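Participant: Structure below; questions to follow.
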């Protein structure tokens, strides 16, 4: 495609403090979220005739770390293909040559909410169990290819109103087979596993701890271990779960062990006290899901010693989760990582830029508007909460049996927040107050 024709394919507009230069097929851009990794807009794709989310990576080439994260995220998103993992609909850059190359735009389908909003809802056991099942399916798919996500948190998990869930953001994901030292600067502090806090190195079940923290937050409605820094984070863990055994302490290096041993010893609390029955919904009659089962799963995921923590496979077989078990989803073929040196690579910023520019491959994209090998229905992103927004009509989930699919969906609003979920009760409350006020005024009038 010649230079002039390519220029006509794009247009620019200001979005907050940033300027988006996008293909003309994407119209009606509206900001819906931002973070350290970039800015996200909703848009309408006239080629695919659906709403999408467009993520502009934030200064991907400002240094080697940012460039490596951008490359890792792009490569992994192009490789994964699972219903519970974010997929990629398109990727493009408005720059015409590698020398001018500065901006990377990732296009995904729009979702309804992220898990931060769902946490504020009063979930029944079916919803809670099904959402956890999907998290575990998505993580198992990554682990099957040796990929550890390392940054699981509510804001990186998105849902639709039909209760389907997808995992986002692979900028910190890493292949477990690498011989490099695993960095402790991963995953948001609240969801950081003990082995990461203590610099022990880690394996795939570091993601299981994060899922346990997310589940605990969904049950409690608040963060389980709200540490203010990495030392306070450790203190929050042992205050609630208790000081670990001497067997665990002997696995630490000398300086860390000395610090941990000099801390006050805590007995911790039982999971019955940390998660009493009152925090859980009523037991499910349909699936026989109970608070005791959910509590047992939490007790197996939130284990300080990673060698004794439940694995993803074991979690999927747990009584609280396996009611949804579907081999097609659980045992889906692992993603094929095209770059076998994904984590070992070390390059200059200019070398990273060249690699990313090759991945973007502009001419191939414009032929069909989709990443090679990615079906149009796979990618999702989130809409941070607009009840007037629309999203494409998708087939209902096939994993849950039909009765449970209905249970999962009922009451799960497009804007997944407590305010929307409980609006009928608020309306009745206001109506009752008005009626009471009217009766009192009428009574005082006759007096």
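The values are calculated or read from the model by the stated rules, or taken from the named source; none is laboratory data. These numbers come from a predicted model, not from an experiment. Don't worry about glycine lacking a Cβ; one is built from the backbone with ideal geometry, like all the others, and counts go over all protein chains shown.
Participant: Restricting the stretch 224-235 to residues that are surrounded by 17 or more Cβ atoms within 10 Å (Cβ to Cβ) and part of a loop (DSSP other than H, G, I, E, B), which is modelled with the lowest pLDDT?
Facilitator: 227
Participant: Name the single residue that is farthest from the chain's Cα centre (by Cα) among those in the stretch 277-306 being assigned to a loop (DSSP other than H, G, I, E, B), exposed (fewer than 12 other Cβ atoms within 10 Å of the Cβ) and at negative phi.
Facilitator: Taking the stretch 277-306 as the starting set, the residues that turn out to be assigned to a loop (DSSP other than H, G, I, E, B) are 280-290, 302-305.
Now narrow it down to the ones that are exposed (fewer than 12 other Cβ atoms within 10 Å of the Cβ): 282, 285, 288.
Narrowing the set further to residues that are at negative phi leaves 282, 285.
Working: 282: 27, 285: 30 Å.
Looking at residues that are assigned to a loop (DSSP other than H, G, I, E, B), exposed (fewer than 12 other Cβ atoms within 10 Å of the Cβ) and at negative phi, I get 285.
Participant: Could I ask something else about it? So which residues in the stretch 259-276 are surrounded by 11 or more Cβ atoms within 10 Å (Cβ to Cβ) and either at pLDDT 95 or above or part of a loop (DSSP other than H, G, I, E, B) (or both), if there are any at all?
Facilitator: 263, 266, 268, 269, 270, 271, 272, 274, 275, 276
Participant: Does residue 243 count as surrounded by fewer than 23 Cβ atoms within 10 Å (Cβ to Cβ), modelled with pLDDT of 95 or more and part of a loop (DSSP other than H, G, I, E, B)? It would help to see each step written out before you state the result.
Facilitator: On the way: surrounded by fewer than 23 Cβ atoms within 10 Å (Cβ to Cβ): yes; modelled with pLDDT of 95 or more: yes; part of a loop (DSSP other than H, G, I, E, B): yes.
Yes, satisfied.
Participant: For the condition exposed (fewer than 15 other Cβ atoms within 10 Å of the Cβ) and modelled with pLDDT under 90, what is the one hit in 355, 370, 383, 394?
Facilitator: Of the residues listed, the single one that is exposed (fewer than 15 other Cβ atoms within 10 Å of the Cβ) and modelled with pLDDT under 90 is 394.
Participant: So in the stretch 106-139, with the set limited to residues that are touching a helix residue (DSSP H, G or I) at 6+ places or on another chain (Cβ under 9 Å) and within 18 Å of residue 73 (Cα to Cα), which one is modelled with the lowest pLDDT?
Facilitator: Within the stretch 106-139, the match that is modelled with the lowest pLDDT is 108.
Participant: Looking at the stretch 91-109, which of its residues are within 16 Å of residue 38 (Cβ to Cβ), surrounded by 22 or more Cβ atoms within 10 Å (Cβ to Cβ) and either within 20 Å of the chain's Cα centre (by Cα) or without any contact (Cβ under 8 Å) to a residue 12 or more places away in the chain (or both)?
Facilitator: Answer for the stretch 91-109, where residues must be within 16 Å of residue 38 (Cβ to Cβ), surrounded by 22 or more Cβ atoms within 10 Å (Cβ to Cβ) and either within 20 Å of the chain's Cα centre (by Cα) or without any contact (Cβ under 8 Å) to a residue 12 or more places away in the chain (or both): 106, 107, 108.
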